[in-house]
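The structure under discussion appears below in the form of structure tokens.
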Amino acid sequence: MHRHLSEEDAAFKEKIREFFTTAIPEEIRTKAKEGRELTKEDIVTSQRILNEHGYAVPHWPVEYGGQDWTELQRHIWRDEMQAAGVPQPLPFNASMVGPVIAAFGSKELKDRFLPKTASLDIWWCQGFSEPDAGSDLAGLRTTAVKDGEDWIVNGQKTWTTLGQYADWIFALVRTNPEAPKKQQGISFLLIDMTTPGIEVRPIKLIDGGREVNEVFFDNVRVPGDQLVGEENAGWSYAKFLLGNERVGVAPVGMIKRWLAEAKEYAAQVKQGEGVVLDDPLVAARIAELEAEAMALELTVLRVAGNSKDGRPDPASSILKLRGSQLEQDTLELITDIAGPMSLMWSEADGGPVPVWATVSTPRYLNFRKASIYGGSNEVQRGIISGTILGLKG
Amino acid sequence: MHRHLSEEDAAFKEKIREFFTTAIPEEIRTKAKEGRELTKEDIVTSQRILNEHGYAVPHWPVEYGGQDWTELQRHIWRDEMQAAGVPQPLPFNASMVGPVIAAFGSKELKDRFLPKTASLDIWWCQGFSEPDAGSDLAGLRTTAVKDGEDWIVNGQKTWTTLGQYADWIFALVRTNPEAPKKQQGISFLLIDMTTPGIEVRPIKLIDGGREVNEVFFDNVRVPGDQLVGEENAGWSYAKFLLGNERVGVAPVGMIKRWLAEAKEYAAQVKQGEGVVLDDPLVAARIAELEAEAMALELTVLRVAGNSKDGRPDPASSILKLRGSQLEQDTLELITDIAGPMSLMWSEADGGPVPVWATVSTPRYLNFRKASIYGGSNEVQRGIISGTILGLKG
Amino acid sequence: MDFTIDTEQKALRDAVRELAGSLADNAPSTGDVPVGPNEHDEKAWSALAEMGVLGLTVPEELGGMGATPVELMLAAQELGKARVQSALPEAVLAAALLAELGTEEQKALLEGVSAGETLIVPALHEPMCSFSLQAHDVTATESGDGWALSGTKAPVRYAAAADRLLVTARAGEQTGVFLIEGAQAEGDVVTFDGASAQLVGSLDGAADALQRAVNVATVALLAEALGAMEGALAMTTEYLKSRKQFGVPIMTFQTLTQRAADMYVSVELARSAVQFAAMVAAEDPGATDHIRRARVVVGKAGRHVGQEAIQLHGGIGMTAEYAVGHYTTRLTAIEHTLGDTRQTIGELARTVRDHGAVDVFA
Amino acid sequence: MDFTIDTEQKALRDAVRELAGSLADNAPSTGDVPVGPNEHDEKAWSALAEMGVLGLTVPEELGGMGATPVELMLAAQELGKARVQSALPEAVLAAALLAELGTEEQKALLEGVSAGETLIVPALHEPMCSFSLQAHDVTATESGDGWALSGTKAPVRYAAAADRLLVTARAGEQTGVFLIEGAQAEGDVVTFDGASAQLVGSLDGAADALQRAVNVATVALLAEALGAMEGALAMTTEYLKSRKQFGVPIMTFQTLTQRAADMYVSVELARSAVQFAAMVAAEDPGATDHIRRARVVVGKAGRHVGQEAIQLHGGIGMTAEYAVGHYTTRLTAIEHTLGDTRQTIGELARTVRDHGAVDVFA
């Protein structure tokens, strides 16, 4: 038990920080830091640069662009990336469908999809949730029926993040409605978004942004070789994916950056004879959040090290649960620091009110999703109480 | 809608404050304010004085010692009583069994018990909870079987507060085990604690105090004329009683006194060059609690006014829920103000560490009960979600 | 203390409720629904004027209804519940200032204000400054028989639609209130470069009058927040009853219903605080500490209820086409209008030594 | 960063676990169970000494084990989990001070300390003062070749059982650490009236050394708290599984199980913070800010877990005969020993400007 970084890891940290802060265009990183919406091009540009240097999908198998890093190195990579404001590699590609194809796909599927998934030549979106299957994901109703070698897909997916940019969708579909349990009879399909019969409808969120969509399938024909793994075994791949998601999403580096930014902001906004950061209540709130973020980061380091056989430790639910709470608390704090300026909503530059302040409220509102999407906090508590504590309802 | 006190009410407030701060021995009030344990004699002395002046049971029928007061006047009475550190009239007598006998008892029972209940010539204790019937009170198992005109009682009660002082106990007993619902078949009996077959065993609490007991009944013979109201109708009397309790227990006056005391303490304990009250975090915490206590007091005034037909507004669950939380928060604050002094546990006077500080931790621990006894906060939330919001599980 | 409302007040409340409902029904609720701070809506504003809502707290002799903050509260609560955002709190603040400090000529504007013909809003906030009644970087200098203003105010809600602004500006060590006509606004930003303005009242009297006007406007804000919380709670309980997951209504999940109960507790405590604030302001608009306590209670309740309303809805609560998130948006904005919970707690903290227990009757 | 423990550390942990279990088994658990702060227990103390726990962080050349705060943490956690209260944190603090500042003669005491033969505890707290490393009303004046102490220290935990005290006292503007033998204690109160004492180290070096010693003792306290939280959580989940109400195990009530999950989250975050604090102290006992952050995390977690453990148990959780409330008692005491959450947040708040993001590697 020791906390110092080995010389090797310290050098790794230096190298990677240097890379993130020089190789990725500053304009993109600044936009990300200010909390503005990134364009598709921003995200693609950034991921291509990362991928060219082997930094897009380090947790993948080495033969498909991964790195033989330790858990600690992966943490440093994530942490420095978030600290530098580098957009994360698109999670649907890097953390979701990629690892599933790598773990359960055939050699053909891997060769066909993984390179373009890493380079973001294919932009993936996720087709899991449905209007009546949210927390109860296994209650999904979108069907795929065999027609020769193909599948015919009908139904509706929702909450499909950035579906408007997507080239492909990975979807859970019901292939055996007769299965005795609803978790059985689900398969994992890869579907080209340009296939006839697919329609994408945007859902506007309360912050005004368009980041999620409904996706409708009307007799969509999907070639049989786009099934991942076994027929009717999709639920176990989905669980694998969701578990990875929990580990991947703990946004510690981002929370730390936000807190550092919050201090800069609070040191600029005037209050009385001084600035907001002089207010002991604000400084105390920051100190508390810093301590809590530290505990979260340490838990990431400790729990990630515990993962076994590629299956995430159920304790990773802590990361999702607490990570989303700290994100939300920090954005709430920034909105409070913005004070009356938070009443303006604008991404326009150059006015007397800085962008960080005029996006503070929509950003705060947007991140209310953090405790809902990707397995709500209630679901995470259920995993903890059921799987870890053995409390069965 | 207006907030000023009528001249009459203002005069009432003056009169009653004058009474509490002069007629009740200062020694008793000081002990109560310091959070020390009161003796039986202290409580009896105080209630006798109150009763002699018509101030012990103002919410009872006038013919049995009540007062024809408005809800507002009752609030002023409670508030000034708590502010002055006057021990509340024993709740088992004044708020529990008294109103039940007054509402549902025969003329004989009223004449026999109410005067001595008001004067505390009879000290009552409560026999409701059982080891396996806490939140699920209706699951109680203590039985009463008819034997001629008498009842024979067998079973066990628990959490009987101050049972060691009690002359009589009012108990819920199962008189019809065959009833189709467990809420049916329960009766409300009055039992002399000196009856053969009753044994009282103390339960020590984590603060070291003895305030609750187990009470065992072994073939205890209870005369038939000690049944309140109808046989097998005890559950509705119990609900009436528990509703009254919720209204009665909102300890607003006490919370306000504690907060005022907390400020005095914080202005005395040195920290750095100044005192603890100079710490903006402490002052802010006090300001917040004062605002929350104000909202609670206003809600007491508003909701008490809404009660209909003597049945408490279900909104009175707010008072129990929030009242206990604020009690606990305030005592937590006082323990924090005591700081290292809270590590000593003592009621001994005259040392260099004041009694308020050396009782702060046991008092804080003792009041963890506030959210458990008398219908836990989970039960109160259940009442709110079920009865008020119509959310049926 | 009496929390009951009389027949006339009930009639006002019912009338506003009906109006607010019809205004809400006219707003788009599918497709590209507007989000965030609203634009001034002339039609809705006229309808409110017609009902007398805009002149509620304006004295009768100045063309208003001569009612009290209690009536204002009843109206604002209904608007909040129906999600009708408007410049009402801002207009109330401006009217209170003019009625207290204005010359005869300035007071004469109030008739148009009550009638919805003249929109006057305050310009208090400055960029990179937390909320303050003192102006920071906007200055006023004497110029002829008037004053000249310089500096930037932002955000000034409804600036673009306003006929006149009441601007706080520094004159030496003091802050005065200035009436200005025809200021140029870019969105919510108003920049002055020697713009000519009238001083309203005196420099000496401005601070206290401003605090009183803020207190009355705060009653309107807190009441609107109360209405929003009521709406959010009602939608949430409705959703818990109707929505199914795992084959059963989600109200069978106790963790959700217990949290709905906590929301109810927050709403009811806020209700008491809001009604009290209105009664206090009706008696003495200068009773700042009580109003501040109410702001703290409502601010915390609004955050709790707004956040939980979305969480208990799940994803649907995040969408613009569904109303519940708009309540949360408005609650967040109200919390940052004319002060906020953080600053208010700090101000109350500075006065905790000045009293023993808080006395709601004094 | 490496959170794994080696074979030797595992052996130590297992040995302490076994010892702690047997000590706990010997304590009365029915009838008139003791509550609150414990008395010094000679037998338990000797057993801890025999296992080497008392000398864990004492350098080998001074008769100790020469281990690090990591080993101390492992031991203290087991004691906390088994509800074995002892003077370990106090003894560790005193030993660290003597080892760093003491003369050869003073250091020679440490052999007896490690052997459990000599009990030396710090006397830092003063009546009516919040926690501080500076003495307030206790003074030291030079007297011959020694010093004379005056004033009152309280509470001084284990004062009655101690052979010597290490007392902080004001000498002019500075605070020094003084070693005193045979002080008279009345319970936890020690009053000096010109008592003769030795200065430990110099007045100039006292402040920093004291902070370092407090930091190491804090690791022991926080680890004990972690053990207590683990114990409280384990008892609570066990209770939820076995206890029935309304005819079913109460773990069918989702509102309870979701709260148990939140307790688990608090415990695991606290675990990370405690292990980190131990690693940091092992590297640099002067890394005060990191230790303070750990204190804040553990303090808040302890309050949450301690309070919920009682609440989820209901009435039984309040009773002295049932163990869970004792965990809460001890967690409350730890939170107020050698500083508390409130003061620590205040101290951290004063340093937030000094760094950008917190760096756990630096």
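Coordinate-derived values only; no laboratory data. What you see is a predicted model; the values in this text were computed from it and never measured. Heads up, the Cβs are rebuilt from the backbone with ideal geometry, glycines too, and the neighbour counts pull from every protein chain shown.
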TODO: Would you look at the GNM of chain B, springs on alpha carbons closer than 10 Å, and say which of B:Val300, B:Val269, B:Val220 moves the most?
DONE: B:Val269
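Take peptide D:271-284, look around each residue's Cβ out to 10 angstrom, count Cβ atoms belonging to other protein chains, and average those counts. List each step's numbers first, then the result.
Numbers: counts 4, 11, 7, 2, 4, 9, 2, 2, 5, 1, 0, 4, 3, 1.
Rounded to a whole number, the mean comes out at 4.
Find the all-direction average of the projected area of the Cα convex hull for region B:249-388, expressing the result in square nanometres with one decimal place.
Values: hull surface 38.2 nm².
Value for region B:249-388: 9.5 nm².
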- [ ] Apply the Karplus parameterisation 6.51 cos²θ - 1.76 cosθ + 1.60, with θ equal to phi minus 60°, to every residue of region B:352-361 and state each ³J(HN,Hα) to the nearest whole Hz, in sequence, with x for glycine and proline.
- [x] x, 9, x, 4, 4, 7, 7, 9, 5, 5
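Do any of A:Lys270/D:Lys300; B:Lys40/B:Lys369; A:Lys15/A:Lys239; B:Lys40/B:Lys239 go past 23 Å between their Cα atoms, and which? List each step's numbers first, then the result.
Values: A:Lys270/D:Lys300 31 Å; B:Lys40/B:Lys369 21 Å; A:Lys15/A:Lys239 35 Å; B:Lys40/B:Lys239 28 Å.
Where the Cα-Cα span goes over 23 Å, the pairs concerned are A:Lys270/D:Lys300; A:Lys15/A:Lys239; B:Lys40/B:Lys239.
Could you work out the mean count of beta carbons from other protein chains within 10 Å of each residue's beta carbon in A:352-360?
Values: counts 12, 10, 2, 0, 0, 3, 4, 0, 2.
Across the residues of A:352-360, the mean count of other-chain Cβ atoms within 10 Å is 4.
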- [ ] Kindly give the distances from A:Gln183 to its copy-mates, label point to label point, with each label point 7 Å from Cα along Cα→Cβ, as nm values to one decimal ordered shortest first.
- [x] 3.8
Task: Distance (nanometres) between label positions extended 7 Å along Cα→Cβ at C:Asp193 and B:Ser236 - done: 8.1
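If packing is taken as the average count of other Cβ atoms within 10 Å, what order do C:270-278, C:310-318, C:226-234 fall into, highest mean first? Please list the in-between numbers first.
Details: C:270-278: 27.1, C:310-318: 23.0, C:226-234: 25.1.
The peptides rank, most packed first, as C:270-278, C:226-234, C:310-318.
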TODO: Every other copy gets compared here: list the nm distances from the B:Pro61 label point (7 Å along Cα to Cβ) to its counterparts, shortest first, one decimal.
DONE: 8.7
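Can you give the helix-only mean residue ellipticity at 222 nm for chain C, where every DSSP H stretch with n ≥ 4 adds -39500 (n - 2.57) and the sum goes over all residues, rounded to the nearest 500 deg cm²/dmol?
Working: 11 runs with 184 residues, N = 362.
Theoretical 222 nm ellipticity from helices: -17000 deg cm²/dmol.
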TODO: With a length cut of 24 Å (Cα positions projected on each helix's long axis) and a Kyte-Doolittle mean of at least -0.5, go through chain A and give me the DSSP H helices that pass.
DONE: A:280-304, A:316-338
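Can you tell me the order of C:292-298, B:274-280, D:288-294 when each peptide is scored by its average per-residue count of other Cβ atoms within 10 angstrom, highest first?
On the way: C:292-298: 27.9, B:274-280: 19.3, D:288-294: 24.1.
With the highest mean Cβ count within 10 Å placed first, the list reads C:292-298, D:288-294, B:274-280.
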Task: Amide H contacts of B:Val212 (H built 1.01 Å from N, under 5 Å, at least 5 apart or other chain) - done: B:Leu162, B:Ile203
Open item on the list: In region B:249-388, if the dipole is taken from +1 on Lys/Arg beta carbons and -1 on Asp/Glu beta carbons about the Cα centre, which of B:Gln271, B:Leu331, B:Leu319 is farthest to the positive end?
Closed with: B:Leu319
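Would you mind ranking A:Phe104, B:Phe92 by Cβ crowding within 10 Å, fewest neighbours first?
Working: A:Phe104 19, B:Phe92 24.
Fewest-to-most Cβ neighbours within 10 Å comes out as A:Phe104, B:Phe92.
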- [ ] May I ask you to evaluate 6.51 cos²θ - 1.76 cosθ + 1.60, the Karplus curve with θ = phi - 60°, for each residue of region D:294-309 and list the ³J(HN,Hα) values in order in whole Hz, giving x for glycine and proline?
- [x] 4, 4, 5, 4, 6, x, 5, 5, x, 5, 4, 5, x, 6, 5, 4
Open item on the list: What is the distance in Å between the Cα centroid of region C:321-362 and that of region D:34-48?
Closed with: 49
Task: With Cα atoms, 0 to 90° folded angle of helix D:42-51 axis to chain D main axis - done: 90
Task: C-alpha center-to-center spacing [region B:21-88, region C:122-192] in angstrom - done: 57
- [ ] Report, largest value first, the span of the C-alpha coordinates of region A:7-89 along each principal axis, in whole Å.
- [x] 34, 27, 17
Open item on the list: Could you list B:Thr117, C:Thr255 so that the one with the fewest beta carbons within 10 Å of its beta carbon is first and the one with the most is last?
Closed with: C:Thr255, B:Thr117
Task: Inter-label distance for C:Ala160 and C:Glu111, nm, one decimal - labels placed 7 Å from Cα along Cα-to-Cβ - done: 3.2
TODO: Step through the residues of region D:266-273 one at a time and calculate ³J(HN,Hα) from phi using the Karplus curve (6.51 cos²θ - 1.76 cosθ + 1.60, θ = phi - 60°), rounding each to whole Hz and writing x for Gly and Pro.
DONE: 4, 5, 5, 5, 5, 4, 4, 5
Open item on the list: Under 5 Å between amide hydrogens, which residues at least 5 positions from A:Asp150 or on another chain qualify, with H placed 1.01 Å from N in the peptide plane?
Closed with: A:Gly224
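Can you work out the FRET efficiency for the pair B:Gln67 and C:Asp6, with r the C-beta to C-beta distance and R0 = 30 Å, to the nearest 0.05? Walk me through the numbers on the way to the answer.
Working: r = 28 Å, r/R0 = 0.93.
FRET efficiency, B:Gln67 to C:Asp6: 0.60.
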- [ ] Report, for B:Asp167, each distance to the same residue's label point in the other copies, shortest first and in nm; define the point 7 Å along Cα→Cβ.
- [x] 9.0
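Where does region A:124-231 land on Rg/Rh, using Cα atoms and the Kirkwood Rh?
Working: Rg = 13.5 Å, Rh = 13.9 Å.
A ratio of 0.97.
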- [ ] Starting with the highest mean, order C:27-35, C:76-84 by the number of other Cβ atoms within 10 Å, averaged over the residues of each peptide.
- [x] C:76-84, C:27-35
TODO: Could I have the simple spin-label model distance between B:Arg221 and A:Thr39, label points 7 Å from Cα toward Cβ, reported in nm to one decimal?
DONE: 9.7
- [ ] Could you work out the relative contact order of chain D, using alpha carbon pairs under 8 angstrom and six or more residues apart, expressed as a whole percent?
- [x] 16
TODO: Binning at 20 Å from 0, report for chain C what percent of all alpha-carbon pair distances ends up in each bin.
DONE: 29, 57, 13, 1
- [ ] Please compute the Cα-Cα pair-distance distribution of region C:207-354 with 10 Å bins starting at 0, giving whole percents from short to long.
- [x] 12, 38, 28, 15, 6, 1, 0
TODO: Report, ordered by chain and residue number, the lysines lying within cross-link reach of D:Lys10, taken as a straight Cα distance under 22 Å and ignoring same-chain residues fewer than 8 apart.
DONE: A:Lys308, D:Lys81
Task: Most mobile of C:Gly146, C:Gly63, C:Gly346 in a GNM of chain C (Cα contacts under 10 Å) - done: C:Gly346
- [ ] Could you pull the Rg and Dmax for the protein assembly as shown, using just the Cα atoms, both in Å?
- [x] 34.0, 105
Task: Part-to-part distance (alpha-carbon centres) for region D:1-29 and region B:259-305, which is given in Å - done: 43
Open item on the list: Taking a cut-off of 28 Å, what percent of all Cα-Cα pairs in chain B are separated by more than that?
Closed with: 49
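With a cut-off of 8 Å between alpha carbons and a minimum separation of six or more residues, what is the relative contact order of region B:249-388 in percent? All intermediate terms of the calculation are to be shown ahead of the outcome.
Working: 137 pairs, mean separation 35.8, N = 140.
It comes to 26 percent, rounded to a whole number.
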- [ ] Report the residue of chain A with the smallest Cβ-to-axis distance, using the rotation axis that brings A onto B, in whole Å.
- [x] A:Pro280, 2
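Can you pull the semi-axes for region C:9-99, root of five times each eigenvalue of the Cα gyration tensor, sorted largest first, whole Å?
Working through the eigenvalues yields semi-axes of 24, 15, 10 Å.
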Open item on the list: Could you identify which residue out of D:Ser114, D:Ser86, D:Ser132 has the top mean-square fluctuation in a GNM of chain D using Cα springs shorter than 10 Å?
Closed with: D:Ser132
- [ ] State whether region D:292-362 is rounded, prolate or oblate according to the following rule on the C-alpha gyration tensor (a ≥ b ≥ c being the square roots of its eigenvalues): a/c under 1.5 gives rounded; otherwise a/b larger than b/c gives prolate, and the remaining case gives oblate.
- [x] prolate
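Roughly how crowded by other chains is peptide B:137-146, in terms of the mean Cβ count from those chains within 10 Å of each of its Cβ atoms? Kindly include the intermediate steps, with their values, before the conclusion.
On the way: counts 1, 1, 4, 0, 0, 0, 0, 0, 0, 0.
Mean shielding by partner chains, rounded to a whole number: 1.
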Task: Long-range amide H partners of D:Trp147 with built H, under 5 Å - done: D:Ala197, D:Leu199
